[in-house]
Amino acid sequence: MVSSVSIREVAPRDGLQNEEPVPTEAKVKLIDALSDTGVRRIEAVSFVHPKAIPQMADADEVWSRVTKNPDIRYSALIPNTRGAQRAIAAGLKEIEVVVSASDTHNRRNLNRSTEESVSDIAALIPLVHAAGATLEVIVATSFGCPFEGDIDPDRVAGIVARVRADGADRIAFGDTTGMATPRRVRDLLSSVRPDLLHFHNTRGTGLANILTALDLGITEFDASAGGIGGCPYAPGASGNVATEEVVHMLHDMGIDTGIDLDRLIETAAMAEKMLGRTLPSGVLRAGPRTRLV
């Protein structure tokens, strides 16, 4: 088993995009609080058209007001060239773009085919690199699609081969609606390997999938404080795997994350209060005590 794991906190973007819009100040406070937990990567904002995702309409203001921690790698999700230009102008050095392995989901999410998105990404890469930034390609619906069902691992592998050949810096696989199981994780990773995995816990398999991926040598994962998040264009896509649940499990296994679990739980509780509803995190429900006895 690995000795350390890197977690990218995605609550400020992936988490909040599926909630009712929250005030800019609350978003800034959430990012700043997460920055004090010891997490070293944060997906902070998304530069998407406000008509598509109104929850991210204030991305420029949020990013301008965040207290940047030099020890943290902040990133932004973009849908197209215009989004990339906005992210570059804002000074982001880590940029993510998404393409769905499912053509139907890609059309629902981005209003274009998977093939069109892959071609667009090829044109984005030199633009991002010219600005001194990196581009991560997230392959959504990698483990299954709510519209098309099973996704052939060879289709995912084909997308990865193309974007890597075009110069993509990193690859992530997204479990968009929580359809992944340990069996699906093994099947896909036996065909093609990403740099990072993003699991949802819709069907309660998030931690099992992470354990399976760890056994296969993957050491980078997305997670969301409190377990908030989902995809607005995928029915049933609720519940990212909760960061505090992942950290609690890993620390009990002797795997280092660099994250202060108590501070993380406090931040998840702050997010719960901000959203005004009970969040799905089991660790949060268990209270502040974090050590097993």
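The values are calculated or read from the model by the stated rules, or taken from the named source; none is laboratory data. Given the structure is predicted, the values throughout are model-derived calculations rather than measurements. All accessible areas refer to the heavy atoms of the entire protein, side chains included, with ligands and DNA or RNA removed. Shrake-Rupley method; radii C 1.70, N 1.55, O 1.52, S 1.80 Å.
Please give the solvent-accessible surface of ASP154 in Å², to the nearest 10, using a probe radius of 1.4 Å with every protein chain present.
110
For SER64, what accessible surface area do you get with a 1.4 Å probe? Give it in Å², rounded to 10.
Looks like 80 Å² after rounding.
What residues qualify as long-range amide H neighbours of GLY229, i.e. H under 5 Å apart, gap of 5 or more or another chain, H built at 1.01 Å from N?
GLY239, ASN240
What's the extension gain from THR67 to ARG193 if we count 0.36 nm per residue and subtract their Cα-Cα distance?
41.9 nm
Give the cross-link partners of LYS68 among the aspartates and glutamates, using a straight C-alpha distance below 17 Å as the criterion and excluding same-chain residues fewer than 8 apart.
Partners found: GLU9, GLU25, ASP32, ASP36, GLU43, ASP60, GLU94.
Between segment 95-154 and segment 13-31, what's the alpha-carbon centroid distance in Å?
24
5 Å is the cut-off here: which amide hydrogens, built 1.01 Å from N in the peptide plane, fall below it relative to GLU94, excluding neighbours closer than 5 in sequence?
Excluding prolines and chain starts, which carry no amide H, the hits are ALA76, THR134.
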